[in-house]
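K.L.:
I'd like to ask you about the structure that follows.
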Amino acid sequence: MKLINSFGPNPRIVRMFLAEKGLSIPSTDIDMLGGENRKPPYTDKNPGGQTPSLELDDGSVLGETVVICEYLEEKHPTPALIGSNAQERAEARQWQRRVELNITEYIYNAFRYSEGLGLFKDRVHCIPAAAPDMKVSAQSWLKKLDGLIAGRDFIAGKQLRLVDIVLYCCLDFAKDVGQPLDPSNANIAAWFKRVDSRPSATASLSSNWADMKMRG
(Lines give C-alpha, C1' and ligand atoms only; values in the text may rest on other atoms or scores of the structure.)
Protein backbone atom coordinates (compact mmCIF):
# COMPACT_ATOMS: atom_id res chain seq x y z
CA MET A 1 0.00 0.00 0.00
CA LYS A 2 1.32 3.44 -0.94
CA LEU A 3 0.02 6.98 -0.47
CA ILE A 4 0.45 9.23 -3.49
CA ASN A 5 0.95 12.50 -1.68
CA SER A 6 1.25 16.21 -2.50
CA PHE A 7 0.92 19.68 -1.07
CA GLY A 8 -2.66 20.75 -0.42
CA PRO A 9 -5.48 20.59 2.12
CA ASN A 10 -6.92 17.29 0.88
CA PRO A 11 -3.63 15.37 1.11
CA ARG A 12 -3.20 16.97 4.53
CA ILE A 13 -6.54 15.47 5.61
CA VAL A 14 -5.19 11.97 4.98
CA ARG A 15 -1.87 12.77 6.67
CA MET A 16 -3.68 14.15 9.72
CA PHE A 17 -6.01 11.14 9.77
CA LEU A 18 -3.00 8.82 9.69
CA ALA A 19 -1.31 10.78 12.48
CA GLU A 20 -4.43 10.52 14.66
CA LYS A 21 -4.47 6.77 13.97
CA GLY A 22 -0.80 6.43 14.77
CA LEU A 23 -0.25 4.89 11.34
CA SER A 24 2.62 5.28 8.92
CA ILE A 25 2.49 4.03 5.35
CA PRO A 26 4.95 4.46 2.46
CA SER A 27 4.33 7.52 0.31
CA THR A 28 5.55 9.15 -2.84
CA ASP A 29 5.14 12.82 -3.71
CA ILE A 30 3.62 14.19 -6.89
CA ASP A 31 4.01 17.79 -8.10
CA MET A 32 0.44 19.04 -7.83
CA LEU A 33 1.41 22.70 -8.29
CA GLY A 34 3.26 21.78 -11.47
CA GLY A 35 0.22 19.90 -12.78
CA GLU A 36 1.75 16.42 -12.69
CA ASN A 37 -1.54 15.11 -11.30
CA ARG A 38 -3.52 16.31 -14.31
CA LYS A 39 -1.85 14.15 -16.94
CA PRO A 40 -0.68 10.57 -17.53
CA PRO A 41 0.63 8.43 -16.00
CA TYR A 42 -1.14 9.73 -12.88
CA THR A 43 -4.54 10.10 -14.56
CA ASP A 44 -4.26 6.52 -15.84
CA LYS A 45 -4.61 5.49 -12.19
CA ASN A 46 -6.79 8.33 -10.95
CA PRO A 47 -8.84 9.79 -13.82
CA GLY A 48 -10.18 12.55 -11.58
CA GLY A 49 -6.68 13.96 -11.39
CA GLN A 50 -6.98 15.04 -7.78
CA THR A 51 -4.66 14.28 -4.91
CA PRO A 52 -4.11 12.28 -2.80
CA SER A 53 -4.53 8.71 -3.98
CA LEU A 54 -4.03 5.44 -2.15
CA GLU A 55 -2.52 2.63 -4.21
CA LEU A 56 -3.46 -0.73 -2.70
CA ASP A 57 -1.41 -3.92 -2.64
CA ASP A 58 -3.19 -5.28 -5.71
CA GLY A 59 -2.44 -2.14 -7.73
CA SER A 60 -5.94 -0.68 -7.59
CA VAL A 61 -6.20 2.99 -6.64
CA LEU A 62 -8.56 4.89 -4.36
CA GLY A 63 -8.74 8.51 -5.50
CA GLU A 64 -11.18 10.22 -3.13
CA THR A 65 -9.95 11.70 0.15
CA VAL A 66 -12.85 10.64 2.39
CA VAL A 67 -12.97 7.18 0.78
CA ILE A 68 -9.26 6.72 1.55
CA CYS A 69 -9.89 7.62 5.19
CA GLU A 70 -12.89 5.30 5.42
CA TYR A 71 -10.84 2.46 3.95
CA LEU A 72 -8.11 3.05 6.52
CA GLU A 73 -10.73 3.18 9.28
CA GLU A 74 -12.05 -0.23 8.25
CA LYS A 75 -8.54 -1.66 8.21
CA HIS A 76 -7.58 0.01 11.50
CA PRO A 77 -10.78 0.69 13.46
CA THR A 78 -9.17 2.07 16.61
CA PRO A 79 -9.09 4.81 17.56
CA ALA A 80 -12.46 5.33 15.87
CA LEU A 81 -12.38 8.49 13.77
CA ILE A 82 -15.71 7.86 12.03
CA GLY A 83 -17.50 5.94 14.75
CA SER A 84 -17.39 2.77 16.80
CA ASN A 85 -20.96 1.64 16.07
CA ALA A 86 -23.65 2.13 13.44
CA GLN A 87 -25.27 5.15 15.10
CA GLU A 88 -21.97 6.96 15.68
CA ARG A 89 -20.92 6.35 12.09
CA ALA A 90 -24.28 7.53 10.75
CA GLU A 91 -24.16 10.73 12.79
CA ALA A 92 -20.56 11.46 11.80
CA ARG A 93 -21.32 10.87 8.10
CA GLN A 94 -24.38 13.09 8.36
CA TRP A 95 -22.23 15.95 9.61
CA GLN A 96 -19.61 15.11 7.00
CA ARG A 97 -22.23 15.48 4.27
CA ARG A 98 -23.46 18.79 5.65
CA VAL A 99 -19.97 20.23 5.94
CA GLU A 100 -18.83 19.15 2.49
CA LEU A 101 -21.95 20.20 0.60
CA ASN A 102 -22.45 23.52 2.34
CA ILE A 103 -18.98 24.71 3.34
CA THR A 104 -15.85 23.04 2.01
CA GLU A 105 -16.94 22.67 -1.62
CA TYR A 106 -17.90 26.33 -1.73
CA ILE A 107 -14.61 27.37 -0.12
CA TYR A 108 -12.43 25.32 -2.43
CA ASN A 109 -14.23 26.38 -5.60
CA ALA A 110 -14.22 30.02 -4.50
CA PHE A 111 -10.43 29.75 -4.15
CA ARG A 112 -10.05 28.08 -7.55
CA TYR A 113 -12.15 30.77 -9.19
CA SER A 114 -10.47 33.77 -7.51
CA GLU A 115 -7.17 33.73 -5.61
CA GLY A 116 -6.19 30.41 -7.21
CA LEU A 117 -7.43 31.24 -10.71
CA GLY A 118 -3.94 31.50 -12.17
CA LEU A 119 -3.20 27.96 -11.05
CA PHE A 120 -6.53 26.36 -11.97
CA LYS A 121 -7.82 28.20 -15.07
CA ASP A 122 -6.17 25.76 -17.48
CA ARG A 123 -6.90 22.67 -15.37
CA VAL A 124 -10.61 22.82 -14.51
CA HIS A 125 -13.58 24.84 -15.71
CA CYS A 126 -13.52 28.02 -13.63
CA ILE A 127 -16.35 30.50 -13.07
CA PRO A 128 -14.77 33.67 -11.62
CA ALA A 129 -18.11 35.46 -11.39
CA ALA A 130 -19.36 32.81 -8.98
CA ALA A 131 -16.53 33.17 -6.47
CA PRO A 132 -17.98 36.03 -4.37
CA ASP A 133 -21.32 34.28 -3.92
CA MET A 134 -19.59 31.02 -3.04
CA LYS A 135 -17.63 32.78 -0.32
CA VAL A 136 -20.84 34.26 1.06
CA SER A 137 -22.57 30.87 0.98
CA ALA A 138 -19.73 29.20 2.87
CA GLN A 139 -19.63 31.94 5.50
CA SER A 140 -23.40 31.79 5.91
CA TRP A 141 -23.27 28.08 6.69
CA LEU A 142 -20.29 28.51 8.99
CA LYS A 143 -22.41 30.99 10.95
CA LYS A 144 -25.15 28.37 11.10
CA LEU A 145 -22.69 25.68 12.17
CA ASP A 146 -21.42 27.98 14.90
CA GLY A 147 -24.83 27.78 16.55
CA LEU A 148 -25.27 24.07 15.94
CA ILE A 149 -22.06 23.09 17.73
CA ALA A 150 -22.68 25.20 20.85
CA GLY A 151 -21.71 23.16 23.91
CA ARG A 152 -19.78 20.56 21.90
CA ASP A 153 -16.08 19.88 21.84
CA PHE A 154 -16.24 18.66 18.26
CA ILE A 155 -18.68 18.85 15.37
CA ALA A 156 -20.37 15.49 15.90
CA GLY A 157 -20.12 15.48 19.69
CA LYS A 158 -17.44 14.78 22.27
CA GLN A 159 -14.96 12.91 20.06
CA LEU A 160 -12.76 14.08 17.20
CA ARG A 161 -14.08 12.64 13.94
CA LEU A 162 -13.06 12.73 10.31
CA VAL A 163 -15.47 15.62 9.74
CA ASP A 164 -13.41 17.75 12.15
CA ILE A 165 -10.24 16.99 10.22
CA VAL A 166 -11.92 17.75 6.88
CA LEU A 167 -13.25 21.12 7.99
CA TYR A 168 -10.13 22.09 9.94
CA CYS A 169 -7.77 21.45 7.01
CA CYS A 170 -10.06 23.43 4.70
CA LEU A 171 -10.39 26.44 7.02
CA ASP A 172 -6.70 26.44 7.95
CA PHE A 173 -5.82 26.60 4.25
CA ALA A 174 -8.49 29.10 3.26
CA LYS A 175 -7.88 31.62 6.04
CA ASP A 176 -4.61 32.70 4.38
CA VAL A 177 -5.92 32.85 0.81
CA GLY A 178 -8.85 35.24 0.90
CA GLN A 179 -11.34 33.50 3.20
CA PRO A 180 -10.38 34.35 6.79
CA LEU A 181 -12.09 32.98 9.86
CA ASP A 182 -14.90 35.17 11.16
CA PRO A 183 -14.03 36.03 14.79
CA SER A 184 -17.72 36.53 15.59
CA ASN A 185 -18.20 32.75 15.26
CA ALA A 186 -17.06 32.10 18.82
CA ASN A 187 -17.90 28.39 18.85
CA ILE A 188 -16.10 27.79 15.55
CA ALA A 189 -13.10 29.76 16.86
CA ALA A 190 -12.92 27.65 20.03
CA TRP A 191 -13.34 24.43 18.03
CA PHE A 192 -10.64 25.53 15.55
CA LYS A 193 -8.20 26.28 18.38
CA ARG A 194 -8.98 22.90 19.94
CA VAL A 195 -8.20 21.00 16.72
CA ASP A 196 -5.25 23.23 15.84
CA SER A 197 -3.58 22.38 19.16
CA ARG A 198 -3.47 18.65 18.42
CA PRO A 199 -0.02 17.28 17.48
CA SER A 200 -1.49 15.84 14.28
CA ALA A 201 -2.31 19.34 13.02
CA THR A 202 1.35 20.33 12.95
CA ALA A 203 2.65 16.89 11.94
CA SER A 204 0.40 16.82 8.86
CA LEU A 205 1.64 20.08 7.31
CA SER A 206 3.75 19.81 4.18
CA SER A 207 7.42 20.49 4.79
CA ASN A 208 7.34 23.51 2.44
CA TRP A 209 4.12 25.13 3.68
CA ALA A 210 5.93 28.20 5.05
CA ASP A 211 7.64 28.84 1.72
CA MET A 212 4.30 28.38 -0.05
CA LYS A 213 2.60 30.78 2.40
CA MET A 214 -0.30 28.34 2.40
CA ARG A 215 -1.10 25.74 5.03
CA GLY A 216 -1.49 22.53 3.12
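The values are calculated or read from the model by the stated rules, or taken from the named source; none is laboratory data. All values reported here derive from a predicted model rather than from experimental measurement. Cβ sites come from the backbone with ideal geometry, for glycine too, and all protein chains shown count toward neighbours. Quick note on the areas: whole protein, heavy atoms, side chains included, nothing else; ligands and nucleic acids left out. Shrake-Rupley method; radii C 1.70, N 1.55, O 1.52, S 1.80 Å.
K.L.:
Can you tell me which residues in segment 151-177 are basic (Lys, Arg) and surrounded by fewer than 17 Cβ atoms within 10 Å (Cβ to Cβ)?
P.N.:
Applying the first criterion (basic (Lys, Arg)) to segment 151-177 yields 152, 158, 161, 175.
Matches in segment 151-177: Arg152, Lys158, Lys175.
K.L.:
Kindly provide the set of residues from segment 24-74 that are among the polar types (S, T, N, Q) and under 25 Å from Arg215 (Cβ atoms), ordered by number. Outline the logic, then answer.
P.N.:
Of the residues in segment 24-74, the ones among the polar types (S, T, N, Q) are 24, 27-28, 37, 43, 46, 50-51, 53, 60, 65.
Ser24, Ser27, Thr28, Asn37, Asn46, Gln50, Thr51, Ser53, Thr65, listed by residue number.
K.L.:
Separate question: Tell me whether segment 122-143 contains one or more residues that are part of a helix (DSSP H, G or I), open to solvent by 70 Å² or more (accessible area, probe 1.4 Å), of a type in the set (D, E, K, R) and within 22 Å of Gln50 (Cβ to Cβ).
P.N.:
no
K.L.:
Of all residues in segment 179-214 being outside any helix (DSSP H, G or I) and open to solvent by less than 40 Å² (accessible area, probe 1.4 Å), which is nearest to Lys135 (Cα to Cα)? Even if it seems obvious, please write down each step before you answer.
P.N.:
The first filter runs over segment 179-214 and keeps only residues outside any helix (DSSP H, G or I), leaving 179-185, 197-198, 204-208, 213-214.
Imposing the further condition that a residue be open to solvent by less than 40 Å² (accessible area, probe 1.4 Å) reduces the set to 179, 185, 204-206, 214.
Details: Gln179: 7, Asn185: 16, Ser204: 26, Leu205: 24, Ser206: 25, Met214: 18 Å.
Ranking the qualifying residues of segment 179-214, first place goes to Gln179.
K.L.:
Looking at this structure, is Lys45 touching a strand residue (DSSP E or B) at 6+ places or on another chain (Cβ under 8 Å) and either of a type in the set (Lys, Arg) or closer than 15 Å to Val166 by Cβ (or both)? Break it down into steps so the answer makes sense when it comes.
P.N.:
On the way: touching a strand residue (DSSP E or B) at 6+ places or on another chain (Cβ under 8 Å): yes; either of a type in the set (Lys, Arg) or closer than 15 Å to Val166 by Cβ (or both): yes.
Criteria met by Lys45.
K.L.:
Applying the selection to segment 24-37, what residues are closer than 16 Å to Glu55 by Cα and either outside any loop (DSSP other than H, G, I, E, B) or open to solvent by less than 50 Å² (accessible area, probe 1.4 Å) (or both)?
P.N.:
Of everything in segment 24-37, those that are closer than 16 Å to Glu55 by Cα and either outside any loop (DSSP other than H, G, I, E, B) or open to solvent by less than 50 Å² (accessible area, probe 1.4 Å) (or both) turn out to be Ile25, Ser27, Thr28, Asp29, Ile30, Asn37.
K.L.:
Checking the conditions here, which among Tyr71, Tyr106 is crowded, with 17+ Cβ neighbours inside 10 Å and free of Cβ contacts under 8 Å to residues at least 40 places away in the same chain?
P.N.:
Working: Tyr71 fails: crowded, with 17+ Cβ neighbours inside 10 Å.
Matching residue, one of Tyr71, Tyr106: Tyr106.
K.L.:
Quick one: which of Val136, Val166 is out of contact with any strand residue (DSSP E or B) (no Cβ under 7 Å at 6 or more places or on another chain), of a type in the set (Val, Ile, Thr) and in contact (Cβ under 8 Å) with a residue 24 or more places away in the chain?
P.N.:
Details: Val136 fails: in contact (Cβ under 8 Å) with a residue 24 or more places away in the chain.
Of Val136, Val166, the one residue that is out of contact with any strand residue (DSSP E or B) (no Cβ under 7 Å at 6 or more places or on another chain), of a type in the set (Val, Ile, Thr) and in contact (Cβ under 8 Å) with a residue 24 or more places away in the chain is Val166.
K.L.:
Report the residue count in segment 38-68 for those that are open to solvent by 40 Å² or more (accessible area, probe 1.4 Å), charged (D, E, K, R) and touching a residue at least 12 places away in the same chain (Cβ under 8 Å).
P.N.:
Number satisfying all stated conditions: 4.
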